[in-house]
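Chemist: The following block contains the structure, expressed as structure tokens.
The values are calculated or read from the model by the stated rules, or taken from the named source; none is laboratory data. This one's a predicted model, so the numbers in the text were calculated from it and none came from an experiment. Here the Cβ positions follow ideal geometry from the backbone for every residue, glycine too, while neighbour counts run over all protein chains shown.
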């Protein structure tokens, strides 16, 4: 009851994933990414340990087929698992367990791989790859989200509503470009994820600057002034002498 895709940007080394399901909190167990190395999806009666193993193998430089072989050999329960691997060269490998009882498919395109199980039809993952490919030129996160939305439009999973979704893309300096999650949705998790991404995308660069060069990011004037007033109101100026030292902060609206 999950459909998902992984993709990569060969120029930056970023890898990412978009995923959704009618169960809760899908973002914390199915997606495993290694910047510059590749991505693993572990789903259908998910065992997160398989994704962790796959990510470690990608980090060590193994290619997709070798990673998948190791994952398959690692557990006697592989019949229940659906696993996809995309490596640093854009090669991919897929396992569909023989205990899967539903419509399940995978589709691959340039720099991407889509997987799904308990699907409404056998064209969902093809639509996801087409959506990703049609969004060429957009940031990787936007392309992955387009792919997820195309899968939903093509029928998605057979059992709804979609309760959770996630969008994750790696970045340099071990700082993700995005790690966005809808863990429980009152409506459609994919629509909620789109709204969250649209709100987050304009702030992503600033949040990265906060992490890498905090001295270059001005303090918000409203927060700064409200903090100084509260310190004064509570008589805490000796403990928190920001007002006396306010020249030490760059403040902007």
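Chemist: Looking at residue 88, is it in the same structural domain as residue 115 (by TED's automatic domain parsing), touching a strand residue (DSSP E or B) at 6+ places or on another chain (Cβ under 8 Å), more than 17 Å from residue 2 (Cα to Cα) and in contact (Cβ under 8 Å) with a residue 40 or more places away in the chain?
Modeler: Against the criterion (in the same structural domain as residue 115 (by TED's automatic domain parsing), touching a strand residue (DSSP E or B) at 6+ places or on another chain (Cβ under 8 Å), more than 17 Å from residue 2 (Cα to Cα) and in contact (Cβ under 8 Å) with a residue 40 or more places away in the chain), residue 88 qualifies.
Chemist: Tell me yes or no: at least one residue of the stretch 108-121 is more than 20 Å from residue 28 (Cβ to Cβ), assigned to a strand (DSSP E or B) and free of Cβ contacts under 8 Å to residues at least 60 places away in the same chain.
Modeler: Yes: one or more hits.
Chemist: Now, a different point. Which residue out of 68, 50, 62, 41 is surrounded by 18 or more Cβ atoms within 10 Å (Cβ to Cβ) and touching a helix residue (DSSP H, G or I) at 6+ places or on another chain (Cβ under 6 Å)?
Modeler: Checking each option against the conditions leaves just 50.
Chemist: Out of the residues in the stretch 131-143 meeting the condition of being touching a helix residue (DSSP H, G or I) at 6+ places or on another chain (Cβ under 6 Å) and in a helix (DSSP H, G or I), tell me which one is farthest from residue 38 (Cα to Cα).
Modeler: 131
Chemist: I've got another one for you. Mind listing whichever residues of the stretch 144-184 are more than 14 Å from residue 121 (Cα to Cα) and assigned to a strand (DSSP E or B)?
Modeler: Result: 164, 165, 166, 167, 168, 169, 178, 179, 180, 181, 182.
Chemist: Now for a different question. Could you say which residue among 15, 40 is within 21 Å of residue 98 (Cα to Cα) and assigned by TED's automatic domain parsing to the domain that holds residue 129?
Modeler: 40
Chemist: A further question follows. Pick out the one residue from 124, 169 that is under 22 Å from residue 3 (Cα atoms), touching a residue at least 24 places away in the same chain (Cβ under 8 Å) and over 17 Å from the mean Cα position of the chain (by Cα).
Modeler: 124
Chemist: Would you be able to say whether some residue in the stretch 164-181 is out of contact with any strand residue (DSSP E or B) (no Cβ under 8 Å at 6 or more places or on another chain), over 16 Å from residue 142 (Cα atoms) and surrounded by 11 or more Cβ atoms within 10 Å (Cβ to Cβ)?
Modeler: Checked the stretch 164-181: at least one residue is out of contact with any strand residue (DSSP E or B) (no Cβ under 8 Å at 6 or more places or on another chain), over 16 Å from residue 142 (Cα atoms) and surrounded by 11 or more Cβ atoms within 10 Å (Cβ to Cβ).
Chemist: Given the condition in contact (Cβ under 8 Å) with a residue 60 or more places away in the chain, in contact with a strand residue (DSSP E or B) (Cβ under 6 Å, 6 or more places away or on another chain), outside any strand (DSSP E or B) and surrounded by 14 or more Cβ atoms within 10 Å (Cβ to Cβ), answer yes or no: does some residue in the stretch 194-214 qualify?
Modeler: Among the residues of the stretch 194-214, not one is in contact (Cβ under 8 Å) with a residue 60 or more places away in the chain, in contact with a strand residue (DSSP E or B) (Cβ under 6 Å, 6 or more places away or on another chain), outside any strand (DSSP E or B) and surrounded by 14 or more Cβ atoms within 10 Å (Cβ to Cβ), which makes the answer no.
Chemist: Out of (1) modelled with pLDDT of 95 or more; (2) touching a strand residue (DSSP E or B) at 6+ places or on another chain (Cβ under 9 Å), what's the single condition that is false for residue 253?
Modeler: So residue 253 meets the others, but not (1).
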